Amino acid sequence: MKKLRFTLPTNRRQFLKNLSLTLGTTATGLSLLSLQACNSKNNEQTKASAEQNRKSGKLGIALLGLGKYSTGQLAPALQETQNCYLAGIITGSPEKADKWKNQYDIPDKNVYSYENFDQIKDNPAIDIVYVVTPNALHREFVVRAAQAKKHVICEKPMATTVEDCQAMIEACKQNNVQLSVGYRLHFEPHNQRVMELGQKAVFGPVKSIKAADSFKISVEPDDWRLNKQLAGGGPLMDVGIYCVQGVMYTLGQEPIAITAKFGENTRPDYFKTVEQSISWQMQFKGGLIAECVSSYNDEAGMLYGEAQNGWWRLDPAYSYAGITGETSQGKMDFEEVNQQARQMDNFADCVRHNKPTPVPGQMGLRDVKILLAIYEAAQTNKKVGV
Ligand code: NAD
């Protein structure tokens, strides 16, 4: 079987194996830890800080879609934010609403269903709606949030079509609210250092970039991630987007052309409508070709760059925690941060001071165009211009 992965030096492979810290496992492992930590927090304390938040002038965020990411990452991160706090929820499950109300001391008036969500327009306690549903549903909820005059954060990928992205951007513009995409890695120090190394040509012009983001998916066969209608595609849409982002923020440029190939589907009964794996190349002005791979049947999470006078590598590069980096000059030494807390604090600051977000809807649209060009290149086996 042809394997879609880059060869790493043996010691790196061993290291990765031992560490077992790729996106999939990190996502699950650490989210459980965060949740436990959060659960064990003294209830009285939570109530007191919720009251304090309401009085402190922090912006109120309402999470829409209380699945794994909201539960394991965003809600715990909102206990650490300085500029915003968890003020409300929008959910399709009444039993989740009860649990969240108790756990985070959310008042009844800030709890909505998908049906009565539009009434949020009359609720001054909610400034920002954070849309965390399956990808194809982002459009509906972002547009409804904008029409309710709420600022919006939308999870990645922004949508599954260019038309949806454009409609979301237009709705936010029409209603004079800000739109941001949940690109947490823009607020993570190792990835920020890569932006600097590449874009400022610290080691000279960049000559080569490689990126991989893969995990062994284990969801039920009817999960939305395996349903093209809801997900827009497989690992490329889910985690390969981080490679697309990583390559572009290394260079500070957009590609001019794409080539791509689907990997072999070894489980056609499971991967019925989305790819199991895909590899692609992003070609840039000046001739650089970045090599990328993403799979639901492997474990990887790295971003590598080589310039004229040096190199850098993040591995793992995209996980919620434990990101590690080195350059040709030695190990990177950055503190561990809560990426989601930083991301949401940054957006709240942008909203409060009417500043543009560094990760706007336009960036989400740009990326969806590239993701779709990658699929087109894989389907047609032709080079696709972007
Ligand atoms: P999940 O399956 O755990 O949760 C999805 C939520 O959407 C659930 O609460 C579910 O009830 C709700 N939902 C509403 N309508 C639905 C429908 N028709 N079908 C299925 N679910 C429906 O998914 P998740 O992992 O929380 O991902 C949600 C979004 O967040 C996705 O866009 C995903 O790409 C994104 N995400 C981002 C990151 C990140 O690191 N930025 C990490 C994980 C997920």
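The values are calculated or read from the model by the stated rules, or taken from the named source; none is laboratory data. Treat the numbers as computed from the prediction; the structure is a model and nothing was measured. Please note: Cβ atoms are built from the backbone with ideal geometry, for glycine as well, and neighbour counts cover all protein chains shown. Surface areas here come from the heavy atoms of the whole protein model, side chains and all, with no ligands, DNA or RNA. Shrake-Rupley method; radii C 1.70, N 1.55, O 1.52, S 1.80 Å.
Of A231, A212, A257, which residue is surrounded by 15 or more Cβ atoms within 10 Å (Cβ to Cβ), within 16 Å of the chain's Cα centre (by Cα), within 25 Å of Q379 (Cα to Cα) and more than 16 Å from the ligand (Cβ to nearest atom)? Result of the check over A231, A212, A257: A212.
Scanning the range 89-99 for residues that are more than 16 Å from C154 (Cα to Cα) and more than 8 Å from the ligand (Cβ to nearest atom) turns up P94, E95, A97, D98, K99. Being free of Cβ contacts under 8 Å to residues at least 40 places away in the same chain and more than 9 Å from the ligand (Cβ to nearest atom) is the filter here; which residues of the range 133-149 pass it? Residues satisfying the conditions are R139, E140, V142, V143, R144, A146, Q147, A148, K149. May I ask you to verify whether V181 is open to solvent by less than 30 Å² (accessible area, probe 1.4 Å) and touching an Asp or Glu at 6+ places or on another chain (Cβ under 8 Å)? Taking the combined requirement at face value, the residue satisfies it.
Restricting attention to the range 178-193 and to residues that are farther than 15 Å from H138 by Cβ and assigned to a loop (DSSP other than H, G, I, E, B), the residue that is nearest to the chain's Cα centre (by Cα) turns out to be E188. Just one of the numbered conditions (1) open to solvent by 10 Å² or more (accessible area, probe 1.4 Å); (2) under 30 Å from I128 (Cα atoms) is not true of A300: (2). Assess whether T273 counts as being crowded, with 17+ Cβ neighbours inside 10 Å and either more than 24 Å from G385 (Cα to Cα) or away from the ligand (no atom under 16 Å from the Cβ) (or both). When the stated conditions are applied, T273 does not pass them. With respect to being among the hydrophobic types (A, V, I, L, M, F, W, C), farther than 20 Å from G233 by Cβ and in contact with a Lys or Arg (Cβ under 8 Å, 6 or more places away or on another chain), A125 fits the description. The condition (being surrounded by 24 or more Cβ atoms within 10 Å (Cβ to Cβ) and touching a Phe, Trp or Tyr at 6+ places or on another chain (Cβ under 8 Å)) is satisfied by just one residue among A307, A317: A317. The set of residues in the range 89-105 that are aliphatic (A, V, I, L, M) and either in a helix (DSSP H, G or I) or open to solvent by 10 Å² or more (accessible area, probe 1.4 Å) (or both) contains only A97.
In the range 65-83 there is no residue that is part of a strand (DSSP E or B) and either touching a Gly at 6+ places or on another chain (Cβ under 7 Å) or not assigned by TED's automatic domain parsing to the domain that holds I241 (or both).
Of the candidates V194, V206, the single residue that is under 30 Å from C350 (Cβ atoms), open to solvent by less than 10 Å² (accessible area, probe 1.4 Å), in the same structural domain as Y375 (by TED's automatic domain parsing) and touching a helix residue (DSSP H, G or I) at 6+ places or on another chain (Cβ under 7 Å) is V194. Is it the case that the range 20-35 has a residue that's modelled with pLDDT of 80 or more, out of contact with any Asp or Glu (no Cβ under 8 Å at 6 or more places or on another chain) and surrounded by 19 or more Cβ atoms within 10 Å (Cβ to Cβ)? Checked the range 20-35: no residue is modelled with pLDDT of 80 or more, out of contact with any Asp or Glu (no Cβ under 8 Å at 6 or more places or on another chain) and surrounded by 19 or more Cβ atoms within 10 Å (Cβ to Cβ). Of the residues making up the range 342-386, those that are open to solvent by 80 Å² or more (accessible area, probe 1.4 Å), polar (S, T, N, Q) and within 23 Å of A167 (Cα to Cα) are N354, Q362. Just one of (1) touching a Pro at 6+ places or on another chain (Cβ under 6 Å); (2) surrounded by 24 or more Cβ atoms within 10 Å (Cβ to Cβ) fails for C243. It is (1).
Can you tell me which residues in the range 278-297 are within 20 Å of V219 (Cα to Cα) and either open to solvent by less than 10 Å² (accessible area, probe 1.4 Å) or not polar (S, T, N, Q) (or both)? Those that are within 20 Å of V219 (Cα to Cα) and either open to solvent by less than 10 Å² (accessible area, probe 1.4 Å) or not polar (S, T, N, Q) (or both): I278, S294, S295, Y296.
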